[in-house]
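What follows is a single structure, written as structure tokens, with notes after it.
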Amino acid sequence: MYWRRANSGLPAALLLAAPLLLVALLTDLNFAPQTDEFKFHLGVVQQFGAALPAIPWRDYHAATPPLPYLLWALWGRVLGYGLPALRGLTLLLSFAGFLIFYAVARRQNHAAPLVEALLLLFSPYVFLNSFTLYTVNMGLPFAALALGCYLEAERAGWKALLFGGLAAAAAIYCRQHYLFLPAGVGLVWLAERIRARRLTLVHLRDLALIALPALLFAPLALAWGGLTPPAFQTLHALRPNAENVNFLLMVIGAYGAPLGLFAWPALAGWGWRALGLLAGVPFYALFRPAYGVGGDAQLGIILHGLDILGRQAGAWLAFLAGLAVWANGLAVIVAGLRRAGRSVWLPAAWLLAFAVILLASEAVYERYYAIIMPVLLLWFYPQIAGRRWLLGLWLALSAGLSGTYFALKA
């Protein structure tokens, strides 16, 4: 009975707010600046604030589109431009994102949408970003709304595509990586048209609505002459980096580790055909992410942990541990793809689109992958939703990791 009450309405909102409020009360949001907060974001927010009511969107020293800076600048006009005050807006928008994601999971008839939303909240980089001037979480409520609309599009039709497109455009104006949202929907549209071998005016209308976020972002990209402001294009040039694809599998394998308990037995049912997955091992060996700093930095909890393991226990053990995490991610994806029905098409297309976008990222930063966490949870979480002991363990481990990481960073 309590479980059902906690997963509904106001109790769920209060439980989602509790860890955010606890951190805010304990820190007053006045902890050490994170690298990009001080290096990029705070200065740009102050630049936007000084220029109001004009918006200096044509060029500034950051890689992110202008919407987060405009929102922070307007907020700062009222509450000031100190880090704690500006972080308060990030916290509010993060909370809104968790609430919307909870509503989306509930709308999808998932068994425990509150636990699903808490797992998103306690994803380490999502949790840390909730209290900082990092821009990913500024787009989270718009992205969660877009996810909900796109998932309803088959039932609700063009209106869901329109509202989803507008929400996705707002997310993209917070962080370019959110382009994976309309791109994934476009991939599904293309696959369905090829399969049906039929194209009508209704289908073309839907395509125009799917393309809407990219069309709305296009004027900004044309004015910039690229996907980032001109001042940033020479600082961090885009180039293909296959290591990001391997690291995507490692992120899924690490943070979705409990899913492996059910993915591997499913693969065992394939018999000898499952050995075909070994063909991916050379790709992992050739493009293995390894912890590093500098111009080609590869950073994050997972890579740092493997680096410590390698220095303490040997490089081969670190290699094998990384391979195990990578293989677990691959098993989870393959098992998820084998679920019956069209329900896997859209999340799989989103994951593919995100992987392609990440190919253009020079550095392997684990915090980039916070963007895909809502999709991964919506896709994979229902596989173990009925196993409360496992959910409790997963949530406890996630909360402990997030709390520890935040304490170390702050």
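Please give the number of the condition Thr404 fails out of (1) touching a residue at least 40 places away in the same chain (Cβ under 8 Å); (2) surrounded by fewer than 17 Cβ atoms within 10 Å (Cβ to Cβ); (3) among the hydroxyl-bearing types (Ser, Thr, Tyr). Checking Thr404 against (1) touching a residue at least 40 places away in the same chain (Cβ under 8 Å); (2) surrounded by fewer than 17 Cβ atoms within 10 Å (Cβ to Cβ); (3) among the hydroxyl-bearing types (Ser, Thr, Tyr), the one that fails is (1). Can you find a residue that is of a type outside the set (Phe, Trp, Tyr) and free of Cβ contacts under 8 Å to residues at least 60 places away in the same chain anywhere in segment 325-337? Yes; the residues of segment 325-337 include at least one that is of a type outside the set (Phe, Trp, Tyr) and free of Cβ contacts under 8 Å to residues at least 60 places away in the same chain.
Of the helices (runs of 4 or more DSSP H) contained entirely in segment 1-119, those carrying at least 3 residues that are touching an Asp or Glu at 6+ places or on another chain (Cβ under 8 Å) fall at 83-107.
Of the residues examined, Pro213 is not one that is at negative phi, loosely packed, with under 11 Cβ neighbours inside 10 Å, part of a helix (DSSP H, G or I) and out of contact with any strand residue (DSSP E or B) (no Cβ under 9 Å at 6 or more places or on another chain).
Can you find, within segment 179-201, the residue that is nearest to Val136 (Cα to Cα) among those that are without any contact (Cβ under 8 Å) to a residue 12 or more places away in the chain and in a helix (DSSP H, G or I)? First the steps, then the outcome.
Keep residues of segment 179-201 that are without any contact (Cβ under 8 Å) to a residue 12 or more places away in the chain, which gives 190, 192-201.
Filter once more, keeping what is in a helix (DSSP H, G or I): 190, 192-196, 201.
Details: Leu190: 28, Glu192: 31, Arg193: 33, Ile194: 34, Arg195: 35, Ala196: 37, Leu201: 36 Å.
Here the residue is Leu190.
When segment 137-193 is filtered for residues that are within 15 Å of Phe354 (Cβ to Cβ) and charged (D, E, K, R), only Arg175 remains.
Within the option set Ala254, Ala191, Ala208, being under 28 Å from Gly386 (Cα atoms) and of a type in the set (A, V, I, L, M, F, W, C) holds for one residue only, Ala254. Applying the criterion of being within 14 Å of Phe380 (Cα to Cα) and of a type in the set (Phe, Trp, Tyr) to the residues of segment 307-353, the residue that is surrounded by the most Cβ atoms within 10 Å (Cβ to Cβ) is Trp350.
Note on segment 316-342: residues that are among the aliphatic types (A, V, I, L, M) and within 13 Å of Arg288 (Cα to Cα) total 7. Between Gly269, Gly292, the distinction of being modelled with pLDDT under 90 and closer than 24 Å to Phe127 by Cα belongs to Gly292 only. Across segment 241-288, what is the number of residues that are of a type in the set (Phe, Trp, Tyr) and touching a residue at least 60 places away in the same chain (Cβ under 8 Å)? Number satisfying all stated conditions: 4. Out of His61, His41, one residue alone is surrounded by 20 or more Cβ atoms within 10 Å (Cβ to Cβ), out of contact with any Lys or Arg (no Cβ under 6 Å at 6 or more places or on another chain), more than 17 Å from Tyr178 (Cβ to Cβ) and not aromatic (Phe, Trp, Tyr). It is His41. Residue selection: Ile357 fails the criterion of being crowded, with 21+ Cβ neighbours inside 10 Å, in contact with a His (Cβ under 9 Å, 6 or more places away or on another chain) and either of a type in the set (S, T, N, Q) or under 30 Å from Arg107 (Cα atoms) (or both). Reported count of residues in segment 120-145, each being among the β-branched types (Val, Ile, Thr) and part of a helix (DSSP H, G or I), is 1. Selection of segment 377-401 for residues being small (Gly, Ala, Ser) and modelled with pLDDT of 90 or more yields Ala396, Ser398, Ala399, Gly400. State whether the residues of segment 363-382 include one that is surrounded by 14 or more Cβ atoms within 10 Å (Cβ to Cβ), free of Cβ contacts under 8 Å to residues at least 60 places away in the same chain and either under 27 Å from Asn109 (Cα atoms) or not small (Gly, Ala, Ser) (or both). For segment 363-382, residues surrounded by 14 or more Cβ atoms within 10 Å (Cβ to Cβ), free of Cβ contacts under 8 Å to residues at least 60 places away in the same chain and either under 27 Å from Asn109 (Cα atoms) or not small (Gly, Ala, Ser) (or both): present.
For the residues Ala73, Ala85, Ala18, Ala54, the requirement of being more than 23 Å from the chain's Cα centre (by Cα), aliphatic (A, V, I, L, M) and surrounded by fewer than 13 Cβ atoms within 10 Å (Cβ to Cβ) singles out Ala54.
The values are calculated or read from the model by the stated rules, or taken from the named source; none is laboratory data. Being a predicted model, the structure only gives us computed values, none of them experimental. Counting neighbours? That spans all protein chains shown, and the Cβs are built from the backbone with ideal geometry, glycine included.
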